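None of the figures in this text is laboratory data; all of them are computed from the coordinates on show. Just so it is clear, the model here is predicted, and its values are computed rather than measured. Cβ sites come from the backbone with ideal geometry, for glycine too, and all protein chains shown count toward neighbours.
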Amino acid sequence: MNNAVVYIAASFLQRLVGFFVHWYIGGTRVFLAIALRLRAVVKKLFGRAGIERPVVFVFLGPLAVLKALMYVLGANVLIVLYLAWLIIPLTAIFKVVSGFLA
Amino acid sequence: MFGPLYRKPKGKDVFFTDPLLEMGYAGRFFVRVVTSSSIIVQSVVTLMALSIEVGWVFWLGILSSLYLLDRLIHFARSDEQFPLAGPSTHNIALYLSPRARRAIVSAYNKAAVLGGGFYLNLARILSETAAVSEMLSRLDIDSGAFNSKLDAYLVRDLVSYKDHDRLIGEAERLVFVAFENKTDEEKDLDYANLFAALGGIENEQLVSLFDVFEFGADDLRKVVPFGKLVGRAWVSRLAWRIRGLEAPPLSAFSCAILKIEQEHKVKIPYSSIIVAMNHGDGVSYQEKTSSALGLIRNAAIYASKKGDDIVRGEDVGRVE
């Protein structure tokens, strides 16, 4: 039975560590995948428009500005969401510990 | 990550050891009761914590709910995923899906208490699962008849050995066969891998049982992707899409077959898939499978229109 108790305790600790690994490493991978996906979408939206259709060539300047805006906007939104993602568990731990000790 | 729980045998780089199998029956039962009930207790306590207006208790509820959500998302995932990475020593137990691991422990328990041997007990446990029913039906085998025959073998063998070392040895052998059989695109070992591995075990009763239904290790290996995807093909497709990657060829092909079945409400046995592959054009695997899928889709439409719920080999040949 001693083995069983040790096993349960060790499993719990490993699941807890696993939670933080999933949250931080897994979460970072997901955000990176989303960022690459967004980049691919923007690239697809604006890619080769001027070469294939000469009429659109006139709009290439504004299109480039729009493309840059979308990149900046998308990157900012993602960075804000990623930072929020990173601080959620840390905030919760801080609130619990400080509230408990107060 | 979960390495410290497992004892590494001397001189082996790839091994199988599971602390649950090293415990006594009472220990295993205790672990099972505690782990099953802890999730329910934690969920209730979390809900209560979230409804309390004391700041730190509320945040504890938030933290606990995130932990529970993580457990829910990863509940079907093995502790580690193939390919073997990191240190040079690997415990195959870490690559088993939680349910496959439970099936092994359950088969061990039954064999140790009631007899019947590890392999037959495991076959009986697995034969009740949707994955194995899918594999059998794909091979045109009636799972009801298979289970009845399996029960007869199990009853006949109940007086056999129950000793710990032999049963552990059998579990280890089976997991190694499953590991050797797995394809490069598989990330873990699940019910389907264990059942297919049973086909590669030189066990008198199993060989005789599989001979009755005229299938063997090769047939079982071919239908593993269907067993692994049944009921969760959409989850698999979604997971690949989220990662922005294309599904590996074998999974993509099996998913496409399952989708055709769902759309046209027909069953496509493996024998018909073989016919389609033989008739399919193309040189590369991708071209050949794409052509075969076209043939299967047309045959499914044909079978569905004539009111048949099975796409037969001759249907595939006819619509070519």
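Things worth noting here:
- Top of B:217, B:178, B:197 by mean-square fluctuation, Gaussian network on chain B, Cα under 10 Å: B:217
- Over the stretch B:97-228, Cα pairs under 8 Å with separation of 6+ residues give a relative contact order of 33 percent.
- Taking Lys and Arg as +1 and Asp and Glu as -1, the other residues whose beta-carbon sits under 14 Å from that of residue B:229 total +1.
- Taking B:234, A:23 and counting other C-beta atoms within 10 Å, the order from fewest to most: B:234, A:23
- Among B:55, B:227, B:24, the residue with the largest mean-square fluctuation in a Gaussian network model of chain B, with springs joining Cα atoms closer than 10 Å, is B:55.
- Kirkwood-Stokes translational diffusion coefficient of chain B, alpha-carbon pairs, 4 °C, 1.567 mPa s, µm²/s: 59 µm²/s
- Among the residues of B:27-35, the average count of other protein chain beta-carbon atoms within 10 Å of the residue beta-carbon is 4.
- In this simple spin-label approximation, residue A:98 and residue A:35 carry label points 7 Å from Cα along the Cα→Cβ vector, and these lie 2.9 nm apart.
- Highest mean first, the peptides B:122-134, B:276-288 sorted by other C-beta atoms within 10 Å per residue fall in the order B:122-134, B:276-288.
- The slack between residue B:290 and residue B:239, meaning 0.36 nm per residue of separation minus the straight C-alpha distance, is 16.2 nm.
- Shielding of peptide A:3-12 by partners, expressed as the average count of other chain Cβ atoms within 10 Å per residue Cβ, is 6.
- Calculated FRET efficiency, residue A:25 to residue B:162, Cβ-Cβ distance, R0 = 30 Å: about 0.10 to the nearest 0.05.
- Applying a DSSP loop filter and a limit of 14 other Cβ atoms within 10 Å to the trypsin sites (Lys or Arg not before Pro) in the stretch B:8-106 leaves B:10, B:12, B:77.
- Across B:301, B:268, B:73, mean-square fluctuation computed from a Gaussian network of chain B (C-alpha pairs under 10 Å connected) peaks at B:73.
- Between residue B:212 and residue B:232, the FRET efficiency from the beta-carbon distance, with R0 = 45 Å, is close to 0.90.
- Legend: mean number of C-beta atoms from other chains within 10 angstrom of residue C-beta atoms, peptide B:55-63, equals 6.
- Estimated from the Cβ-Cβ distance and a Förster radius of 35 angstrom, the FRET efficiency linking residue A:78 and residue B:75 is about 0.80.
- Each part reduced to its alpha carbon centroid, the stretch B:278-314 and the stretch B:18-40 end up 48 Å apart.
- Zone residues, the stretch B:31-45, relative to residue A:12, backbone N less than 12 Å from point 7 Å out along Cα-to-Cβ: B:34-35, B:38-39, B:42
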